[in-house]
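Scroll down for the structure; my scribbles are underneath it.
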Amino acid sequence: MDTVVNRLIRYAKVFSESDYYGQSGTPSNPAEFDMANLLVEELHGLGIDNAFVDETCYVYATIPATAGCEHLPAIGLIAHMDTTPDLTGKDVKPQIIHYEGGDIVLNQEKNIVMEAARFPELAKFVGQDLVCTDGTTLLGADDKAGVAIILQAVEELLAEKAPHGKICLGFTPDEEIGRGASNFDVQGFGADFAYTLDGGDITDFEYETFNAAMAHVTVNGFSIHPGTAKDKMKNALLMAMEFNALLPALETPGRTDGYEGFFHLQEMSGKVEQATMVYIIRDHSMERFQERKAAMAKAAAEMNRRYGENSVVCDMEDQYYNMYEVLKDRMEIVRLAEEAMKAAGIPNPTHSPIRGGTDGCMLTYKGLLCPNLPSAGHNAHGRFEYAPVESLKTGVRTVKSLLSPELVERVVMKKED
């Protein structure tokens, strides 16, 4: 039998980075099919012959309920196959380091060190093995740890001939660039509800996300020779800075946490004649989310009052909404996650608001309720990403507990013991 660690290492070595600027369809990077085809091959090897990858790089598989468990709800398990383009995921060289405290030398030749002072949460894992990078790439535990946990749990359940209801498996491309749920076949997937495994610390799960929008701001200036520019030139670059100054200075990602929302200037470019800015707008509260969008529109209106009509054009588009607004009426699904974590050996599971979104957020609004379970990764999107081996094993136990007929009947179906 495979191990969850071996799986993560194997998957991490497969280049499947999504691409912000790649092809317009899905997947954004054809290399993502390499990971998808590998998973289909492994699922077939486990005897799940109905596993397949579709033309848009989504992998689906179904495991029928065992005899006597046909009455249980069909539970979906979902993880994404792509890694972020924020740092290269090519030629990943995973290594296992036994952590004894202090700094971790990831790459002696290049003097790449994960400093304990910068990452104090490392103290929780003294005496444990950590799957790390060599410091030159990310690891890809976001979300290949989630993929590995799901596949390992399924392999063990089948090998043990453990009873279970119908299990629906889904692996998505392009989650890291916001397209992970775009072409997901909710109806064909066949689950009554599902869980993404795309969280962080193994003790923490999530069922609240941001409400999210993106704003593209175009600033139209007027260029003329600076020697004769008085009362004529409108410098779009300076106007862009002026627009940004109309937004709350302390409501940015670097100044907020928890349930606090923000305006985030992601991109800015241009010349005197024209400048463009790209913002993301985030808030857990729908009321404050709407107020933030109104503040962007008000800033544009003020700039147009100062400089003339169409000097600033602000186009906003909603991206996703807080899944809690739907899940709050089906909290037994959330409780099942919590009880499964307890059964896996986590005495006091915590939940945190996601300062972002997940595939599950968008799937929830498509009708597939989908909280987020931890996948044991830390320091995602960077060269200091790691996954504790014990946490990965706990993730496998969590998924197996989640599918336990006794737990599902007691928590979801509310059947008395």
Residue check, Pro163 surrounded by fewer than 17 Cβ atoms within 10 Å (Cβ to Cβ) and either outside the structural domain of Pro349 (by TED's automatic domain parsing) or modelled with pLDDT under 95 (or both): no
Is at least one residue of the stretch 115-136 crowded, with 21+ Cβ neighbours inside 10 Å, farther than 24 Å from Asp204 by Cα and of a type in the set (A, V, I, L, M, F, W, C)? no
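Out of curiosity, is Asn379 surrounded by 24 or more Cβ atoms within 10 Å (Cβ to Cβ), of a type outside the set (Val, Ile, Thr), under 30 Å from Tyr320 (Cα atoms) and touching a residue at least 12 places away in the same chain (Cβ under 8 Å)?
Details: surrounded by 24 or more Cβ atoms within 10 Å (Cβ to Cβ): no; of a type outside the set (Val, Ile, Thr): yes; under 30 Å from Tyr320 (Cα atoms): yes; touching a residue at least 12 places away in the same chain (Cβ under 8 Å): yes.
It is false that Asn379 is surrounded by 24 or more Cβ atoms within 10 Å (Cβ to Cβ), of a type outside the set (Val, Ile, Thr), under 30 Å from Tyr320 (Cα atoms) and touching a residue at least 12 places away in the same chain (Cβ under 8 Å).
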Conditions (1) surrounded by fewer than 20 Cβ atoms within 10 Å (Cβ to Cβ); (2) hydrophobic (A, V, I, L, M, F, W, C); (3) under 30 Å from Tyr365 (Cα atoms) -> Met241 fails only (3)
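Being out of contact with any Lys or Arg (no Cβ under 8 Å at 6 or more places or on another chain), without any contact (Cβ under 8 Å) to a residue 12 or more places away in the chain, closer than 30 Å to Ala212 by Cα and not assigned by TED's automatic domain parsing to the domain that holds His264 is the requirement here; does Asp359 meet it? Please lay out each step first, then the result.
Details: out of contact with any Lys or Arg (no Cβ under 8 Å at 6 or more places or on another chain): yes; without any contact (Cβ under 8 Å) to a residue 12 or more places away in the chain: no; closer than 30 Å to Ala212 by Cα: yes; not assigned by TED's automatic domain parsing to the domain that holds His264: yes.
So Asp359 fails the test.
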Residues located in the stretch 270-296, provided they are of a type in the set (Asp, Glu) and either crowded, with 17+ Cβ neighbours inside 10 Å or outside the structural domain of Val217 (by TED's automatic domain parsing) (or both): Asp283
In the stretch 97-118, what count of residues is obtained for those that are under 24 Å from the mean Cα position of the chain (by Cα) and under 22 Å from Glu390 (Cβ atoms)? 1
Might you check whether a residue that is assigned to a loop (DSSP other than H, G, I, E, B), surrounded by 16 or more Cβ atoms within 10 Å (Cβ to Cβ) and aliphatic (A, V, I, L, M) occurs anywhere in the stretch 395-411? yes
Regarding the stretch 34-41, can at least one residue be identified that is crowded, with 18+ Cβ neighbours inside 10 Å and assigned to a loop (DSSP other than H, G, I, E, B)? no
Given Leu169, Leu197, Leu157, which one is within 27 Å of Ser16 (Cβ to Cβ), in the same structural domain as Tyr11 (by TED's automatic domain parsing) and within 13 Å of the chain's Cα centre (by Cα)? Leu197
Quick check, is Pro353 modelled with pLDDT of 95 or more and either outside the structural domain of Gly135 (by TED's automatic domain parsing) or not hydroxyl-bearing (Ser, Thr, Tyr) (or both)? no
Is it the case that the stretch 187-194 has a residue that's within 17 Å of the chain's Cα centre (by Cα) and crowded, with 18+ Cβ neighbours inside 10 Å? yes
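The values are calculated or read from the model by the stated rules, or taken from the named source; none is laboratory data. This one's a predicted model, so the numbers in the text were calculated from it and none came from an experiment. Please note: Cβ atoms are built from the backbone with ideal geometry, for glycine as well, and neighbour counts cover all protein chains shown.
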